[in-house]
1. Considering only protein heavy atoms and a 1.4 Å probe, what is the carbon-and-sulfur percentage of the accessible area of the chain?
2. Roughly what would the spin-label model give for Ser297 and Ile377, points 7 Å off Cα along C-beta, in nm?
3. Obtain the nm distance between the two label points defined at Glu115 and Ala250 by a simple spin-label model: each point lies 7 Å from its Cα along the Cα-to-C-beta direction.
4. Using a 1.4 angstrom probe and counting only protein chains, how large is the accessible area of Ser368 in Å², to 10?
5. What is the gain in length, in nm to one decimal, between Lys358 and Ala412 on full extension, counting 0.36 nm per residue of separation less the C-alpha to C-alpha distance?
6. Would you please give the FRET efficiency between Gln424 and Ala167, computed as 1/(1 + (r/R0)^6) with r the Cβ-Cβ distance and R0 = 22 Å, to the nearest 0.05?
7. In whole angstrom, how far apart do the alpha carbon centroids of segment 163-214 and segment 88-103 sit?
8. By how many nm would the segment from Ser340 to Thr399 lengthen if fully extended, with 0.36 nm per residue of separation less the alpha-carbon distance?
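The values are calculated or read from the model by the stated rules, or taken from the named source; none is laboratory data. Not measured: the values here are computed from a predicted model. Cβ: placed from backbone, ideal geometry, glycine included. Neighbour counts: every protein chain shown. For the accessible areas, the whole protein counts, side chains as well, though only heavy atoms, and no ligand, DNA or RNA atoms are used. Shrake-Rupley method; radii C 1.70, N 1.55, O 1.52, S 1.80 Å.
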Amino acid sequence: MAAAVTLLLCPAGAGAAEQSGPKISDFKLDNGLELVVIPDHRAPVITHMIWYKVGAADETAGKSGLAHFLEHLMFKGTAMHPAGQFSSVVARMGGQENAFTSSDYTGYYQRVPSEKLEEVMGFEADRMTGLVLTDAVVLPERDVILEERNQRMENNPRARLGEQMDAALFLNSPYGRPVIGWRHEMEGLTKDDAIGFYRRFYGPNNAVVVVAGDVDPQQALAFAKQTYGKLKPHADIAPRARPLEPPPAAVRSLTLADPRVEQPTLQRSYLVPSFHTAKPGESEALEVLAHILGAGSNSRLYRALVVDKHVAVSAGAYYDSSAYDMSKFGVYGAPVEGVSLTDLESATDAVIAEVIDKGVTADELDRSKSRLVADAIYAQDNQATMARWYGQALMTGATVADVQSWPDRIRAVTAAQVQNAARQWLERIRSVTGYLVKDTGPAVNKAERTAPAKSGSTGEKRS
């Protein structure tokens, strides 16, 4: 029997919904598949998403890029529905489809007319276990992901810097490898690698289906039972157990020089807890800290570096709470002409030190907390955003109760908690600092200069 619970959506670490928000129905099928339904009857369309609890961080060492590779191959057809048929049907419906891969999850979605929900569920249920792969299909698609690697990484100096910084920040965690993979490992991926990964991780008890839009929850449940509910649970899926990061012991820094760089930039990443790994209140305090330090033109970093000192043309900060393991808190900036990256770094450190030493003001605290909640309320107008929030939370260790209580937890954050978060987590020893500079020397790798790019959280449809 499927159990149902009606809830409110308040995405953990990404946003919140007030008590006037949509009512969420959360079902669990007998085979372990979870179904979340977010009603929104303003337009006769639905967003149907299926999330698998597997991403780049779950790959076998030496097989980087495999999760994203399989994302592409999932569009290559089954015995029941040959390659291209699913996409053609969605197109005839006037719908849209796509897929994405991150370190912690892989997702597929369609936005179609409401009456087509059961049909797209049937297609997704079929390819959950019925994918057919041959070398004739797999090897050309491997060339596609290699081309994506070129476009997204080799041709993008900022992406290359971020890739190098992640590798330096995460000493032991699989988050240190890029989602799209290292090129030399991608080149060796095979059909057997893809099939083994697929059989290991793709099954109803390792998936969450989210439906947002013009749909009745009980009708969505009935459709899910008729499609996904017929699949057998996967007996071999085990709880995630990944290598943990050791305590940081050294300040790390690196410089990437590239002839295509027109604007030097400074980036710094700190190793911090995600919502899933944090103690109560820590993630919320980091959320507010990031907003005060670097969200918009009223933030500490922007006002100090761009407006007051005129040493930067841009500056900001961010915190990524949505990770299954430890995560990142980042600060960044670009200097004005004539200011070195070293000077910009010192000015950035001074702003952070002031927060650590003196804390934040009551006005900053109230404004940031109100804005975090308000932004999420406005975002309820987008059904796809709601579906993504909920799915991402479920993929990275949050529970329904966590999602529901997020706004109250944000409202409860105190100035002392924000200051403590800065003092505890923004230590230089926990960080990697990256400089991106223009390479003006003669010995530039020609292959890097001309190489044809996709990474980070890869989110574009396969060719």
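1. C and S fraction of accessible area: 52 percent.
2. Modelled inter-label distance: 2.4 nm.
3. Here the modelled spin labels are 6.6 nm apart.
4. Counting only protein heavy atoms, the figure is 10 Å².
5. Numbers: separation 54, 0.36 × 54 = 19.44 nm, distance 2.01 nm.
Full extension of this stretch gives 17.4 nm more.
6. On the way: r = 25 Å, r/R0 = 1.12.
After rounding to 0.05, the efficiency reads 0.35.
7. 20
8. On the way: separation 59, 0.36 × 59 = 21.24 nm, distance 4.54 nm.
Here the segment from Ser340 to Thr399 would lengthen by 16.7 nm.
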